Amino acid sequence: MTTAKGYAAHNATEALSPYDFSRRVVGAKDIKIEILYCGVCHSDIHQVRNEWGGTNYPIVPGHEIVGRIIEVGAEVRNFKVNELAGVGCLVDSCRECDNCKKGLEQFCRNGFTGTYNGADKKSGGFTYGGYSNQIVVDQDFVLHISDKLPLEKVAPLLCAGITTYSPLRHWKVGKGHKVAVVGLGGLGHMAIKLAASFGAEVTMLSTSPSKQKDAAQLGAHHFALTTDPEQILALTGKFDFIIDTVSAAHDYNTYLQMLNTDGVMVCVGAPPTPSQIVAFNLIGGRKSLAGSLIGGIAETQEMLDYCSEHNITSDVEVIAISEINTAYERMLKGDVRYRFVIDMSTL
Ligand code: NAP
Ligand code: ZN
Ligand code: ZN
């Protein structure tokens with residue numbers, strides 16, 4: 001074991017604070033990464049505060065990790081010391097079930113290991129995430145990171161990027177499609193950039209009038225304020241595809257009514273409380289309500305390569321790790337433009 005430094009929450013109500021813990025020694029197939037930047041995802045807040053249930057304390061969050069490789073095991077093939085590397089939401093899966101074999105490790109039948117708060121088959125404890133100075137990960141779950149893009153802006157691609165890229169690709173969103181993005185935060189701003197780059201006509205649906213100008217700069221063609229009933233009504237039947245990234249309880253029926261015939265609404269936002277759906281909002285127009293969870297490892301690499309080729313990165317506010325608790329409070333108020341990223345040199 002080696003000692004790592006990080007920030008942890010010790011229960012659902014206290015602020016995160018400095019925490020020393022152990023990382024496993026680098027095994028034959030492992031890669032050790034010095035973490036340079038880690039993005040702050042709203043899932044970190046849900047789990048730190050045990051909003052989804054099942055949090056194991058102390059929890060060291062963080063699954064938007066980029067850094068530099070400092071050690072590789074004897075059997076590591078595709079990575080070398082000093083190269084850049086990334087780690088997203090997954091650090092292990094069974095690799096044998098049908099979903100793993102299809103590259104859908106996020107749907108592993110035997111349960112994937114999350115980058116943090118996951119039962120760690122290798123050490124017996126729980127995994128610790130990216131709000132820390134280093135991480136040891138099996139080579140199959142490490143991503144190649146291009147040196148062409150600013151690293152701090154690449155970090156959020158490891159969760160916000162893949163979580164929006166994957167459903168847009170799965171439902172073949174592109175030219176000729178009218179797309180709406182609900183909620184302009186970390187996931188929402190990546191959804192605008194990616195959907196626009198695939199050629200779709202993008203409308204931003206937000207509760208924050210102050211984000212209208214930004215939405216246009218991010219590539220949205222239209223903007224509507226979802227607190228204004230008239231603007232909502234005017235969008236009835238308009239969209240082929242809606243991606244809902246909202247983190248808090250809200251009414252899905254409002255958005256289902258905006259779908260065109262055969263339209264699809266995908267939930268990626270994961271509010272902790274259940275929601276009621278009016279069946280008629282799906283029946284009329286043969287509409288689908290779907291969900292999507294991050295993306296597999298191969299698809300995450302595909303997304304990173306796509307973003308590198310098309311110069312797509314996240315809009316970030318870089319923070320010191322001591323500012324993490326304030327960053328959470330701001331995110332809860334919708335005040336994030338559009339991803340907080342921790343500069344790990346401040347640890
Ligand atoms: P975020 O940066 O905090 O953004 C969430 C946005 O939702 C806010 O900026 C706000 O946008 C909107 N919003 C917040 N409260 C709202 C409310 N009560 N009603 C309507 N809109 C509201 O969060 P994020 O990191 O993008 O994550 C969003 C959600 O996705 C979280 O629940 C997270 O756990 C989940 N997630 C899921 C996956 C997956 O694989 N499915 C992966 C990552 C994250 P406006 O100001 O524009 O309204
Ligand atoms: Zn995330
Ligand atoms: Zn599996």
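The values are calculated or read from the model by the stated rules, or taken from the named source; none is laboratory data. For clarity, every value in this text was computed on a predicted model and none was experimentally measured. Here the Cβ is made from the backbone with ideal geometry for all residues, glycine too, and neighbour counts use every protein chain on show. SASA here: full protein model, heavy atoms, side chains in, ligands and nucleic acids out. Shrake-Rupley method; radii C 1.70, N 1.55, O 1.52, S 1.80 Å.
Values as computed for the structure displayed
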quantity: In the stretch 196-208, residue surrounded by the fewest Cβ atoms within 10 Å (Cβ to Cβ) [restricted to those that are over 27 Å from H63 (Cα atoms) and in contact with a strand residue (DSSP E or B) (Cβ under 6 Å, 6 or more places away or on another chain)]; calculated: E201
quantity: Conditions (1) farther than 20 Å from H63 by Cβ; (2) surrounded by 18 or more Cβ atoms within 10 Å (Cβ to Cβ): number failed by E299; calculated: (1)
quantity: Yes/no for K193 being touching a Gly at 6+ places or on another chain (Cβ under 6 Å), open to solvent by 30 Å² or more (accessible area, probe 1.4 Å), under 23 Å from G39 (Cα atoms) and away from ligand 1 (no atom under 11 Å from the Cβ); calculated: yes
quantity: Residue in the stretch 261-272 that is among the polar types (S, T, N, Q), under 30 Å from A15 (Cβ atoms) and either surrounded by fewer than 17 Cβ atoms within 10 Å (Cβ to Cβ) or assigned by TED's automatic domain parsing to the domain that holds A195 (or both) present; calculated: no
quantity: Count of the stretch 228-250 residues which are of a type outside the set (A, V, I, L, M, F, W, C) and either in contact with a Cys (Cβ under 8 Å, 6 or more places away or on another chain) or loosely packed, with under 14 Cβ neighbours inside 10 Å (or both); calculated: 7
quantity: Residue that is farthest from ligand 3 (Cβ to nearest atom) [pool: residues in the stretch 209-227 that are touching a Lys or Arg at 6+ places or on another chain (Cβ under 9 Å) and open to solvent by less than 30 Å² (accessible area, probe 1.4 Å)]; calculated: K211
quantity: Of all residues making up the stretch 331-347, the number that are modelled with pLDDT under 95 and either more than 25 Å from V182 (Cα to Cα) or touching a Gly at 6+ places or on another chain (Cβ under 8 Å) (or both); calculated: 2
quantity: Lone unmet requirement of (1) surrounded by fewer than 24 Cβ atoms within 10 Å (Cβ to Cβ); (2) free of Cβ contacts under 8 Å to residues at least 40 places away in the same chain for F112; calculated: (1)
quantity: Single match in V181, V202, V246 (criterion: within 14 Å of ligand 1 (Cβ to nearest atom), within 23 Å of I294 (Cα to Cα), at pLDDT 95 or above and not in a strand (DSSP E or B)); calculated: V246
quantity: Helices (runs of 4 or more DSSP H) (entirely within the stretch 278-347) containing at least 1 residues that are among the basic types (K, R) and over 24 Å from G114 (Cα atoms); calculated: 324-332
quantity: Any hit, the stretch 80-92, residues being open to solvent by 60 Å² or more (accessible area, probe 1.4 Å), of a type in the set (V, I, T) and either assigned by TED's automatic domain parsing to the domain that holds S146 or within 16 Å of ligand 3 (Cβ to nearest atom) (or both); calculated: yes
quantity: Yes/no for S123 being among the hydroxyl-bearing types (S, T, Y) and at pLDDT below 95; calculated: yes
quantity: Options S308, S292; residue that is surrounded by 13 or more Cβ atoms within 10 Å (Cβ to Cβ) and within 11 Å of ligand 1 (Cβ to nearest atom); calculated: S292
